[in-house]
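First comes the structure, then the notes that go with it.
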Amino acid sequence: SAQFQLAVPVAVVFAPGSVPGDLPRSLPFRDVQEMEISVNLRPSITSRYEMVYRRTTAQEEAALDVATAREADAALHPLQDASLGSLTMYVVPESSSLLPQGISVYVGKHRSALVRAGGGLVALRTRLQQLTQVMSFTASSISAALSDRVPDGQLGPDARRHLKSSLGYEITFSLLNPDPKSHAVDWDIEDAVNRYVQPVLDKLSLVANFSVDSQILYYAVLGVTPRFDKESSSFLLSAHSLPHVINPVEARLGSSAASLYPVLNFLLYVPERSHSPLYIQDKDGAPVSTNAFHSPRWGGIMVYNVEAPASPQVSLPLHVDVDMVQVMEVFLAQLRLLFGLSREELPPEFLLESPGNEGLADWELDRLLWAHTVENIATVSTTLTSLAQLLDKIGNIVIKDDVASEVYQAVASAQSAMAELAAGHLHLAFQASKEAVTSSERAFFDPSLLHLLYFPDDQKFAIYIPLFLPMAVPILLSLAKIVREARQRKKEPTKMD
């Protein structure tokens, strides 16, 4: 397949007093930087940063004339190129008080950053390159998206952690109460989802459709018996036993079997009285601060301990009101991990604005879209290749017009997605890649292409010979007799009168 070109429109905007003295040309000017992303794949991947260097407009200057970087970020937002995948870097003078002491780069929650000038063009370019690695795709985020096509040895440990790109996801919140005789547990999951989860899903609605449900399971126990620790008089689950916790619980969840889309499970486990309090340990034996763990591509589990009653005479069951703020903080962090939105280690002079209530910044959404677009195109290519191999194997297969048109549609949409990526139109590229996936899957799973409907020739002979042979024997014998008689006639000379 052709080569991927990922074009990123970047505006580098100089505030008064921040223009480096060693610019190659007078402002405004354009500059293109291309880099090959080294992923061991047949379609090579090139990233192309289309930089426009210019001065601030009067409006941008006014927006930068505020006290803090956060206010500047909010004021600049309506003035920027808001198209998905684009970046705007505002270069402010070295002496600017917008950025806190010791901070030279501030990444906002939209698609822009503030960069402190200083050290000429070379230093600025290095900083801009670091910024594109933070705010746009990286070699590792693209190779993670293509992880199923890259040999195992060449990937980082996180590459296969992220959920695969899908048109939809189902999220299930489950409260596990193994000991309802001792604990009557209440959780206001509906309010918590509306308040904490919904804003994040609204932001992610560009990426896929989400459905959310919740359930309470009684008498559901973890598959591992925790170890009692005398020193802390508590029970411990060690890191190596965590994978064994999931299977028995999963049998009780029972949602993923009927689901079209990947299911993300978030479980809140209230340990039974006989195993309370229960703490999770990491690999080094230290307690995990969140008392939770996540499983890549599956979901997460959090253990919620109930305080033991002060006097032993308390009537059971104890009424427990779950602190949903604490729980949702953990589940949202796990949701970000599952989507590969974890924050990477940054140089100390970088300051990242927290995305607030929405759970992810605009540029993080773009990162997700870059990765999913590339993954979708690769998936379409795999699906169509598999379909072509199937059709090659079955010579007598019938391809209906609607299947053929889906295949043409998938190819056209995938090509259009590649073209939009190369033009720097991330939103259009992502939409086209989703249409390509839909069409290719419709073609691949079309009921008329079930290979069970088409028999190889030897099977046909095996089925029909027993039926026709008994009828064929007398027919063949009489044919032979007719042939013999015809020959006999030829041999006998006709009598002449």
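The values are calculated or read from the model by the stated rules, or taken from the named source; none is laboratory data. Predicted, not measured: the structure shown is a model, and the values here were computed from it. Backbone-built Cβ (ideal geometry, glycine too); neighbour counts: all protein chains shown. Only protein heavy atoms, including side chains, enter the accessible area calculation; ligands, DNA and RNA are left aside. Shrake-Rupley method; radii C 1.70, N 1.55, O 1.52, S 1.80 Å.
Observations, loosely collected:
- Residue within the stretch 439-447 that is at pLDDT below 85, part of a helix (DSSP H, G or I) and either over 30 Å from Glu50 (Cβ atoms) or in contact with a His (Cβ under 6 Å, 6 or more places away or on another chain) (or both) present: no
Results for (1) touching a Leu at 6+ places or on another chain (Cβ under 6 Å); (2) surrounded by fewer than 17 Cβ atoms within 10 Å (Cβ to Cβ), shown as yes or no for each residue.
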site	(1), (2)
Asp402	no, yes
Ala414	no, no
Glu420	yes, no
Ala429	yes, no
Ala432	no, no
Val437	no, no
Arg442	no, yes
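- Scanning the stretch 81-136 for residues that are among the β-branched types (Val, Ile, Thr) and in contact with a helix residue (DSSP H, G or I) (Cβ under 9 Å, 6 or more places away or on another chain) yields Thr88, Val91, Val92, Ile103, Val105, Val107, Val115, Val134.
- Among (1) in a helix (DSSP H, G or I); (2) surrounded by 11 or more Cβ atoms within 10 Å (Cβ to Cβ), the one test that Val483 misses: (2)
- Residue ranges of strands (runs of 3 or more DSSP E) in the stretch 159-235 with at least 3 members surrounded by fewer than 16 Cβ atoms within 10 Å (Cβ to Cβ): 209-218, 227-229
- Condition met for Pro296 (modelled with pLDDT of 85 or more, in contact with a Lys or Arg (Cβ under 7 Å, 6 or more places away or on another chain) and open to solvent by 50 Å² or more (accessible area, probe 1.4 Å)): yes
Matching residues to (1) without any contact (Cβ under 8 Å) to a residue 24 or more places away in the chain; (2) closer than 25 Å to Leu6 by Cα; (3) among the hydroxyl-bearing types (Ser, Thr, Tyr):
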residue	(1), (2), (3)
Ser413	no, yes, yes
Ser416	yes, yes, yes
Gly424	no, yes, no
Phe445	yes, no, no
Tyr464	yes, no, yes
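- Verdict on Ile463 being among the β-branched types (Val, Ile, Thr) and either assigned to a helix (DSSP H, G or I) or under 29 Å from Arg367 (Cα atoms) (or both): yes
- Against the numbered list (1) in contact with a Pro (Cβ under 8 Å, 6 or more places away or on another chain); (2) modelled with pLDDT under 90, Tyr279 comes up short only at (2).
- Considering residues of the stretch 246-275 that are open to solvent by less than 30 Å² (accessible area, probe 1.4 Å) and modelled with pLDDT under 85 only, the residue farthest from Ser214 (Cα to Cα): Ile246
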